[in-house]
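Okay, so here's the structure we're looking at.
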Amino acid sequence: MTNVSLVTTFFLMGLPRAPALDIPLWGLFLVIYVLTVLGNFLILLVIAVDSHLHTPMYYFLTNLSFIDMWFSTVTVPKMLMTLASPGGRAISFHSCVAQLYSFHFLGSTECFLYTVMSYDRYLAISHPLRYPSMMSGRTCALLATSTWLSGSLHSAVQTTLTFRLPYCGPNQIQHYFCDAPPILKLACTDTSVNEMVIFVNIGVVASGCFLLIVLSYVSIIWSILKIRTSEGRHRAFQTCASHCIVVLCFFVPCVFIYLRPGSRDAVDGVVAVFYTVLTPLLNPVVYTLRNKEVKRALWNSVTAFSVC
(Lines give C-alpha, C1' and ligand atoms only; values in the text may rest on other atoms or scores of the structure.)
Protein backbone atom coordinates (compact mmCIF):
# COMPACT_ATOMS: atom_id res chain seq x y z
CA MET A 1 0.00 0.00 0.00
CA THR A 2 1.40 3.41 -1.00
CA ASN A 3 2.13 5.85 1.78
CA VAL A 4 -0.25 8.84 1.33
CA SER A 5 1.05 10.70 4.39
CA LEU A 6 0.64 14.47 4.40
CA VAL A 7 2.73 14.86 7.55
CA THR A 8 6.35 15.72 6.81
CA THR A 9 7.46 16.48 10.37
CA PHE A 10 6.61 15.01 13.75
CA PHE A 11 7.18 16.61 17.14
CA LEU A 12 8.40 14.49 20.04
CA MET A 13 6.82 15.71 23.27
CA GLY A 14 9.43 13.96 25.41
CA LEU A 15 9.10 12.61 28.92
CA PRO A 16 6.25 13.82 31.14
CA ARG A 17 7.98 16.32 33.43
CA ALA A 18 7.90 19.77 34.95
CA PRO A 19 9.81 22.33 32.82
CA ALA A 20 12.07 23.08 35.78
CA LEU A 21 13.46 19.54 35.52
CA ASP A 22 14.70 19.94 31.93
CA ILE A 23 18.25 20.97 32.83
CA PRO A 24 18.77 18.40 35.65
CA LEU A 25 17.36 15.61 33.46
CA TRP A 26 19.51 16.74 30.53
CA GLY A 27 22.62 16.54 32.70
CA LEU A 28 21.63 13.17 34.18
CA PHE A 29 20.87 11.51 30.84
CA LEU A 30 24.01 12.98 29.26
CA VAL A 31 26.17 11.44 31.99
CA ILE A 32 24.39 8.08 31.65
CA TYR A 33 24.78 8.15 27.87
CA VAL A 34 28.50 8.96 28.02
CA LEU A 35 29.08 6.22 30.61
CA THR A 36 27.09 3.76 28.50
CA VAL A 37 29.08 4.40 25.33
CA LEU A 38 32.46 4.48 27.09
CA GLY A 39 31.67 1.42 29.22
CA ASN A 40 30.55 -0.73 26.31
CA PHE A 41 33.41 0.47 24.12
CA LEU A 42 35.83 -0.43 26.91
CA ILE A 43 34.42 -3.96 27.04
CA LEU A 44 34.85 -4.29 23.27
CA LEU A 45 38.43 -3.05 23.51
CA VAL A 46 39.44 -5.26 26.45
CA ILE A 47 37.97 -8.42 24.89
CA ALA A 48 39.62 -7.63 21.56
CA VAL A 49 43.14 -7.21 23.00
CA ASP A 50 43.07 -10.00 25.61
CA SER A 51 43.40 -13.45 24.03
CA HIS A 52 42.19 -15.13 27.25
CA LEU A 53 38.74 -13.64 26.59
CA HIS A 54 38.43 -15.03 23.07
CA THR A 55 35.77 -17.54 24.10
CA PRO A 56 32.13 -18.01 23.02
CA MET A 57 30.74 -16.23 26.07
CA TYR A 58 32.81 -13.11 25.44
CA TYR A 59 32.19 -13.31 21.70
CA PHE A 60 28.48 -12.91 22.39
CA LEU A 61 29.27 -10.24 24.98
CA THR A 62 31.02 -8.16 22.31
CA ASN A 63 27.88 -8.39 20.20
CA LEU A 64 25.80 -7.28 23.18
CA SER A 65 28.11 -4.35 23.95
CA PHE A 66 28.05 -3.23 20.32
CA ILE A 67 24.25 -3.38 20.26
CA ASP A 68 23.93 -1.45 23.53
CA MET A 69 26.20 1.33 22.28
CA TRP A 70 23.95 1.93 19.29
CA PHE A 71 20.67 1.09 21.05
CA SER A 72 21.33 3.96 23.44
CA THR A 73 22.53 6.21 20.61
CA VAL A 74 19.30 5.72 18.66
CA THR A 75 17.16 7.30 21.41
CA VAL A 76 19.17 9.26 23.99
CA PRO A 77 20.73 12.03 21.82
CA LYS A 78 17.30 12.96 20.47
CA MET A 79 15.93 12.91 24.01
CA LEU A 80 18.67 15.33 25.03
CA MET A 81 17.71 17.60 22.13
CA THR A 82 14.06 17.66 23.25
CA LEU A 83 15.17 18.58 26.77
CA ALA A 84 17.58 21.26 25.56
CA SER A 85 15.13 23.34 23.52
CA PRO A 86 11.62 23.24 22.03
CA GLY A 87 13.14 23.30 18.54
CA GLY A 88 14.85 20.00 19.26
CA ARG A 89 11.50 18.22 19.37
CA ALA A 90 11.06 18.26 15.59
CA ILE A 91 11.91 15.09 13.66
CA SER A 92 11.30 14.59 9.95
CA PHE A 93 9.02 11.84 8.74
CA HIS A 94 11.88 9.84 7.21
CA SER A 95 14.07 10.31 10.28
CA CYS A 96 11.21 8.99 12.37
CA VAL A 97 10.96 5.92 10.12
CA ALA A 98 14.72 5.37 10.45
CA GLN A 99 14.62 5.76 14.23
CA LEU A 100 11.75 3.30 14.65
CA TYR A 101 13.43 0.75 12.38
CA SER A 102 16.80 1.10 14.14
CA PHE A 103 15.20 0.91 17.58
CA HIS A 104 13.28 -2.30 16.87
CA PHE A 105 16.17 -3.77 14.89
CA LEU A 106 18.63 -3.39 17.76
CA GLY A 107 16.04 -4.20 20.44
CA SER A 108 14.84 -7.43 18.83
CA THR A 109 18.42 -8.45 17.99
CA GLU A 110 19.31 -7.99 21.66
CA CYS A 111 16.30 -10.09 22.60
CA PHE A 112 17.47 -12.94 20.34
CA LEU A 113 21.04 -12.52 21.58
CA TYR A 114 20.00 -12.94 25.23
CA THR A 115 18.42 -16.24 24.19
CA VAL A 116 21.60 -17.38 22.46
CA MET A 117 23.67 -16.37 25.50
CA SER A 118 21.45 -18.43 27.79
CA TYR A 119 21.89 -21.41 25.44
CA ASP A 120 25.65 -20.88 25.56
CA ARG A 121 25.60 -20.91 29.38
CA TYR A 122 23.46 -24.05 29.31
CA LEU A 123 25.99 -25.89 27.16
CA ALA A 124 28.95 -24.63 29.22
CA ILE A 125 27.49 -25.79 32.54
CA SER A 126 25.45 -28.84 31.53
CA HIS A 127 27.89 -30.27 28.96
CA PRO A 128 31.35 -28.92 29.91
CA LEU A 129 33.31 -31.70 28.17
CA ARG A 130 31.45 -31.38 24.87
CA TYR A 131 31.15 -27.59 25.07
CA PRO A 132 34.26 -26.70 22.97
CA SER A 133 33.10 -28.86 20.06
CA MET A 134 29.41 -27.90 20.34
CA MET A 135 30.13 -24.16 20.51
CA SER A 136 32.85 -23.86 17.89
CA GLY A 137 33.84 -20.60 16.26
CA ARG A 138 31.70 -21.37 13.22
CA THR A 139 28.69 -22.15 15.40
CA CYS A 140 29.13 -18.90 17.33
CA ALA A 141 29.32 -16.90 14.11
CA LEU A 142 26.23 -18.65 12.74
CA LEU A 143 24.22 -17.99 15.92
CA ALA A 144 25.28 -14.34 16.07
CA THR A 145 24.48 -13.79 12.40
CA SER A 146 21.07 -15.39 12.88
CA THR A 147 20.24 -12.95 15.69
CA TRP A 148 21.11 -9.94 13.50
CA LEU A 149 19.15 -11.23 10.50
CA SER A 150 16.13 -12.13 12.64
CA GLY A 151 16.21 -8.70 14.29
CA SER A 152 16.34 -7.00 10.90
CA LEU A 153 13.36 -8.99 9.61
CA HIS A 154 11.32 -8.40 12.76
CA SER A 155 12.00 -4.67 12.64
CA ALA A 156 11.09 -4.46 8.96
CA VAL A 157 7.66 -5.92 9.78
CA GLN A 158 7.13 -3.44 12.63
CA THR A 159 8.19 -0.45 10.53
CA THR A 160 6.12 -1.43 7.51
CA LEU A 161 2.99 -2.01 9.57
CA THR A 162 3.40 1.38 11.25
CA PHE A 163 4.20 3.62 8.30
CA ARG A 164 2.01 2.04 5.62
CA LEU A 165 -0.88 4.00 7.18
CA PRO A 166 -1.79 7.58 6.21
CA TYR A 167 -0.77 10.35 8.60
CA CYS A 168 -2.60 13.54 7.71
CA GLY A 169 -3.55 15.25 10.95
CA PRO A 170 -1.94 15.50 14.41
CA ASN A 171 1.83 15.28 14.42
CA GLN A 172 2.69 15.41 18.14
CA ILE A 173 4.14 12.08 19.35
CA GLN A 174 3.59 11.62 23.08
CA HIS A 175 6.98 10.01 23.60
CA TYR A 176 10.68 10.87 23.50
CA PHE A 177 11.39 8.73 20.44
CA CYS A 178 9.48 7.30 17.48
CA ASP A 179 7.84 4.06 18.58
CA ALA A 180 4.90 2.19 17.10
CA PRO A 181 2.21 2.57 19.83
CA PRO A 182 2.30 6.40 20.11
CA ILE A 183 2.70 6.85 16.33
CA LEU A 184 -0.30 4.66 15.50
CA LYS A 185 -2.47 7.01 17.56
CA LEU A 186 -1.80 9.72 14.96
CA ALA A 187 -2.92 7.70 11.93
CA CYS A 188 -5.92 8.95 9.94
CA THR A 189 -7.52 5.52 9.76
CA ASP A 190 -8.49 2.57 11.91
CA THR A 191 -5.37 0.98 13.41
CA SER A 192 -6.92 -1.94 15.27
CA VAL A 193 -5.62 -4.53 12.79
CA ASN A 194 -2.12 -3.05 12.82
CA GLU A 195 -2.09 -2.91 16.62
CA MET A 196 -3.17 -6.54 16.83
CA VAL A 197 -0.55 -7.73 14.34
CA ILE A 198 2.18 -5.77 16.11
CA PHE A 199 0.97 -7.10 19.47
CA VAL A 200 1.11 -10.68 18.20
CA ASN A 201 4.44 -10.13 16.44
CA ILE A 202 6.16 -8.70 19.49
CA GLY A 203 4.33 -11.13 21.74
CA VAL A 204 5.55 -14.18 19.84
CA VAL A 205 9.15 -12.95 19.78
CA ALA A 206 9.30 -11.75 23.39
CA SER A 207 7.41 -14.67 24.94
CA GLY A 208 9.25 -17.20 22.76
CA CYS A 209 12.67 -15.85 23.68
CA PHE A 210 11.77 -15.55 27.36
CA LEU A 211 10.41 -19.12 27.43
CA LEU A 212 13.61 -20.48 25.88
CA ILE A 213 15.69 -18.50 28.39
CA VAL A 214 13.64 -19.86 31.30
CA LEU A 215 13.99 -23.43 29.99
CA SER A 216 17.75 -22.94 29.63
CA TYR A 217 18.07 -21.74 33.21
CA VAL A 218 15.87 -24.49 34.59
CA SER A 219 18.26 -26.96 32.97
CA ILE A 220 21.24 -24.97 34.23
CA ILE A 221 19.95 -24.94 37.82
CA TRP A 222 19.29 -28.69 37.63
CA SER A 223 22.88 -29.24 36.46
CA ILE A 224 24.29 -26.93 39.14
CA LEU A 225 22.48 -28.81 41.88
CA LYS A 226 24.31 -31.95 40.75
CA ILE A 227 27.69 -30.34 41.40
CA ARG A 228 29.16 -31.93 44.49
CA THR A 229 31.18 -29.06 45.95
CA SER A 230 29.61 -25.89 47.31
CA GLU A 231 32.40 -23.84 45.72
CA GLY A 232 31.58 -25.29 42.31
CA ARG A 233 27.89 -24.53 42.75
CA HIS A 234 28.67 -20.97 43.86
CA ARG A 235 30.90 -20.31 40.84
CA ALA A 236 28.29 -21.70 38.46
CA PHE A 237 25.52 -19.58 39.96
CA GLN A 238 27.75 -16.49 39.87
CA THR A 239 28.48 -17.04 36.18
CA CYS A 240 24.78 -16.89 35.31
CA ALA A 241 23.62 -14.26 37.81
CA SER A 242 24.76 -11.27 35.76
CA HIS A 243 22.99 -12.56 32.67
CA CYS A 244 19.74 -13.04 34.61
CA ILE A 245 19.88 -9.50 36.03
CA VAL A 246 20.25 -7.87 32.60
CA VAL A 247 17.61 -10.14 31.03
CA LEU A 248 15.01 -9.21 33.65
CA CYS A 249 15.78 -5.48 33.32
CA PHE A 250 15.28 -5.77 29.57
CA PHE A 251 12.22 -8.02 29.32
CA VAL A 252 10.04 -6.74 32.17
CA PRO A 253 9.68 -3.14 30.86
CA CYS A 254 9.17 -4.41 27.28
CA VAL A 255 6.38 -6.74 28.36
CA PHE A 256 4.77 -3.95 30.37
CA ILE A 257 4.71 -1.54 27.41
CA TYR A 258 3.97 -3.79 24.43
CA LEU A 259 2.06 -6.78 25.82
CA ARG A 260 -0.79 -5.22 27.71
CA PRO A 261 -4.12 -3.82 26.48
CA GLY A 262 -4.28 -0.05 26.15
CA SER A 263 -1.49 2.46 26.49
CA ARG A 264 -0.78 5.18 29.01
CA ASP A 265 1.55 7.74 27.47
CA ALA A 266 3.01 9.08 30.72
CA VAL A 267 3.59 5.66 32.28
CA ASP A 268 4.98 4.15 29.05
CA GLY A 269 7.46 6.99 28.65
CA VAL A 270 8.86 6.56 32.14
CA VAL A 271 9.04 2.76 31.91
CA ALA A 272 10.73 2.94 28.50
CA VAL A 273 13.64 4.77 30.15
CA PHE A 274 14.58 1.55 31.93
CA TYR A 275 15.31 -0.49 28.81
CA THR A 276 16.41 2.31 26.46
CA VAL A 277 18.65 4.23 28.86
CA LEU A 278 19.44 2.15 31.96
CA THR A 279 19.73 -1.39 30.57
CA PRO A 280 22.52 -0.46 28.07
CA LEU A 281 24.41 0.99 31.04
CA LEU A 282 23.88 -2.17 33.12
CA ASN A 283 25.76 -4.27 30.59
CA PRO A 284 29.24 -2.82 31.30
CA VAL A 285 28.47 -2.37 35.01
CA VAL A 286 27.22 -5.93 35.61
CA TYR A 287 29.60 -7.77 33.30
CA THR A 288 32.64 -5.79 34.41
CA LEU A 289 32.17 -5.27 38.15
CA ARG A 290 30.87 -8.82 38.71
CA ASN A 291 33.35 -10.57 36.41
CA LYS A 292 36.83 -11.33 37.71
CA GLU A 293 38.20 -12.25 34.26
CA VAL A 294 37.14 -8.94 32.70
CA LYS A 295 38.47 -6.96 35.68
CA ARG A 296 41.79 -8.80 35.48
CA ALA A 297 42.01 -8.20 31.72
CA LEU A 298 41.14 -4.54 32.23
CA TRP A 299 43.80 -4.16 34.92
CA ASN A 300 46.40 -5.87 32.71
CA SER A 301 45.52 -3.52 29.84
CA VAL A 302 45.81 -0.45 32.09
CA THR A 303 49.12 -1.69 33.46
CA ALA A 304 50.52 -2.37 29.98
CA PHE A 305 49.38 1.08 28.83
CA SER A 306 51.02 2.73 31.85
CA VAL A 307 54.32 0.96 31.16
CA CYS A 308 54.28 2.13 27.56
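The values are calculated or read from the model by the stated rules, or taken from the named source; none is laboratory data. Remember, predicted model here, so these are calculated numbers, not experimental data. Cβ sites come from the backbone with ideal geometry, for glycine too, and all protein chains shown count toward neighbours. Accessible surface is based on the protein model in full, side chains and every heavy atom, while ligands, DNA and RNA are left aside. Shrake-Rupley method; radii C 1.70, N 1.55, O 1.52, S 1.80 Å.
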Legend entry - Positive-pole candidate from Pro56, Phe199, Val247, dipole of region 9-306, charges at beta carbon: Pro56
Legend entry - Sum of -39500 (n - 2.57) over DSSP H runs of 4+, divided by residues of the chain (222 nm, nearest 500): -25500 deg cm²/dmol
Inset, instruction - Would you list which aspartates and glutamates come within 16 Å of Lys295, measuring only between C-alpha atoms, while excluding same-chain residues fewer than 8 positions from it? - result: Asp50
Legend entry - Reachable aspartates and glutamates, given that their alpha-carbon falls under 15 Å from the alpha-carbon of Lys78 and they are not under 8 places away in the same chain: Asp22, Asp179
Legend entry - Carbon and sulfur %, accessible surface of the chain computed with the full protein complex present, 1.4 Å: 71 percent
Legend entry - Crossing angle, helix 230-258 versus the chain [Cα axis fit, 0-90 degrees, rounded to tens]: 10 degrees
Inset, instruction - Taking H placed 1.01 Å from N in the peptide plane, check which residues at least 5 places from Gln172 or on another chain put their amide H under 5 Å from its amide H. - result: Phe11
Inset, instruction - Pick out which of Ser92, Ser118, Ser133 has the largest mean-square fluctuation in a Gaussian network model of the chain, springs linking Cα atoms closer than 10 Å. - result: Ser133
Inset, instruction - Quick one: angle between helix 192-225 and the longest Cα principal axis of the chain, in degrees between 0 and 90, rounded to 10, please. - result: 10 degrees
Legend entry - the chain: proportion of alpha-carbon pairs further apart than 37 angstrom, %: 22 percent
Inset, instruction - Working from Cα positions, state the angle (0 to 90°, nearest 10) between the long axis of helix 137-163 and the longest principal axis of the chain. - result: 10 degrees
